[in-house]
Each structure stands twice: as structure tokens, then as C-alpha cells.
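Visitor: Just dropping this structure here.
The values are calculated or read from the model by the stated rules, or taken from the named source; none is laboratory data. What you see is a predicted model, and the numbers here were worked out from it, not measured in a lab. A quick note on method: Cβ atoms are made from the backbone with ideal geometry, for glycine too, and the neighbour counts reach across all protein chains shown.
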Amino acid sequence: MALRPLSSLKHVYAIQLWPRVQSVALKSHQLHGASSPNPTAPQWRPSAALDEWCQRDARPISLRQLTFFGRTLTEARLIGSANYVRSELPTRIAHRLRDMQTLPYVVVTNPHLAHVYELYYRAFERFRKVPEIRTIRDNDKFCEVVKEMLKEHLTVIPRLAMGVLEVQGLMKPEATDKFMTTMLRSVGVDLIFA
């Protein structure tokens with residue numbers, strides 16, 4: 001038996017595996033009674049709003065700024081800070097959504113990663129629609145929205161980890177590491193904001 005280069009073996013295995021992949025997808029489709037071939041695939045949505053927010057750059061804040069902010073808290077500073085978070089969160093979430101949209105489709109259809117995508121999209125839609133904060137009462141309402149979103153996102157890190165483990169062979173290891181690092185860093189910064 002002649003040895004084949006690895007690149008040709010990938011092609012042979014892909015051809016041999018494709019009928020099994022189709023069979024598993026069909027069984028899953030029948031089992032879940034879904035109307036679409038892949039019930040875990042993120043739903044398509046118009047991207048105009050997301051495109052607009054992705055064009056904005058995230059405005060970083062340093063730990064020094066955070067500690068200085070807490071020293072002399074006035075109503076005006078509190079409202080200014082709330083408006084900063086109100087505009088910064090959807091910007092950062094939009095960038096993470098775009099990161100997920102650039103992953104291979106087969107990766108995004110992983111149930112765990114699709115779940116994270118849906119959570120992020122709901123948060124993006126919710127935060128981008130919050131009106132300007134002008135009063136302490138507005139700030140209190142916004143804090144409730146943030147608290148609600150934080151509760152919903154408690155499963156993000158474990159779901160990301162499970163999803164990335166399950167799709168390991170579908171992406172280059174460097175791309176997987178970069179994606180996971182970016183997402184984890186983002187989650188950490190978003191928690192600090194909140």
C-alpha cells in the first residue's frame with residue numbers, strides 16, 4: 001500500500017465522513033422536529049444595526065480611571081458613567097458577535113456556541129435600545145437591565161468552553177485559542193463595566 005500525503009487523506013476522510021454527517025444532521029432534524037435543517041444554527045437577522053455598532057471603536061478605560069471615578073461620586077458623574085456603559089456595552093457586544101459571525105458555519109452551529117451567540121444578540125438588542133440616561137431614576141432602570149443581563153449570561157463561560165472543546169478539530173488551534181482568548185477577555189471587561 002502506497003503512502004499518501006496528509007492533504008490527500010483529509011480529502012478522502014472528508015468524502016467518507018460526509019454521508020455520516022448528513023445522516024446525523026437528518027436524525028437530529030427528525031428528533032427535534034425542527035423546521036430548519038439545523039435547529040441550533042443561529043437565526044439570521046438583518047445586520048444593518050450590527051454593522052453600525054461594529055464601526056464604532058471600543059473606548060478603553062483604565063483601572064486608574066475606575067478608582068478615581070469612585071472617589072468623588074456626584075449625580076452628574078454617575079449619570080455620565082451610566083451613559084458611557086450604555087454606549088460601550090453594545091459596541092463591545094457587537095464586536096464579539098462579529099467575531100462569532102466570522103467563524104466557520106459548522107463551528108457556529110455547535111449548540112453551546114449558538115446559545116452564546118443568541119445570548120449576546122439579545123443583550124446587544126436590549127442595550128442598544130436603552131435611551132439616554134438623564135436622571136437617577138433612569139440610572140436605576142438601566143442598572144436593573146444590566147443585572148438581568150448578567151443573570152442571563154452566567155452560563156456564557158462554561159458554554160463557551162464546552163463549545164470550543166467540541167469543535168476543536170474544525171478550526172486551527174491558533175484560531176480557536178485566539179477566539180477563546182478574545183471572548184474571555186471581553187467577558188471579563190464587560191463584567192467590570194457592569
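Visitor: Select from the stretch 70-89 the residues that are outside any helix (DSSP H, G or I) and of a type in the set (S, T, N, Q) and write down the one among them that is nearest to TYR121 (Cα to Cα).
Guide: First, the residues of the stretch 70-89 that are outside any helix (DSSP H, G or I): 72-74.
Okay, now just the ones that are also of a type in the set (S, T, N, Q), so 72, 74.
Working: THR72: 35, THR74: 33 Å.
Among residues in the stretch 70-89 that are outside any helix (DSSP H, G or I) and of a type in the set (S, T, N, Q), the one nearest to TYR121 (Cα to Cα) is THR74.
Visitor: Kindly state which helices (runs of 4 or more DSSP H) lie completely within the stretch 90-194 and contain at least 3 residues that are under 30 Å from GLU75 (Cα atoms). It would help to see each step written out before you state the result.
Guide: Values: elements: 105-108, 111-128, 136-152, 156-166, 173-193.
Fully inside the stretch 90-194 and qualifying: 111-128, 136-152, 173-193.
Visitor: Report, ordered by the first and then the second residue, all pairs with beta carbons closer than 8 Å, sequence separation of six or more or different chains, a first member in the stretch 129-146 that is in contact (Cβ under 8 Å) with a residue 60 or more places away in the chain, and a second member that is surrounded by 11 or more Cβ atoms within 10 Å (Cβ to Cβ) and not in a helix (DSSP H, G or I).
Guide: ASN139/ILE133; PHE142/VAL130; PHE142/ILE133; VAL146/ALA194
Visitor: When you scan the stretch 135-146, do you find a residue that is modelled with pLDDT of 90 or more and within 14 Å of the chain's Cα centre (by Cα), even just one?
Guide: no
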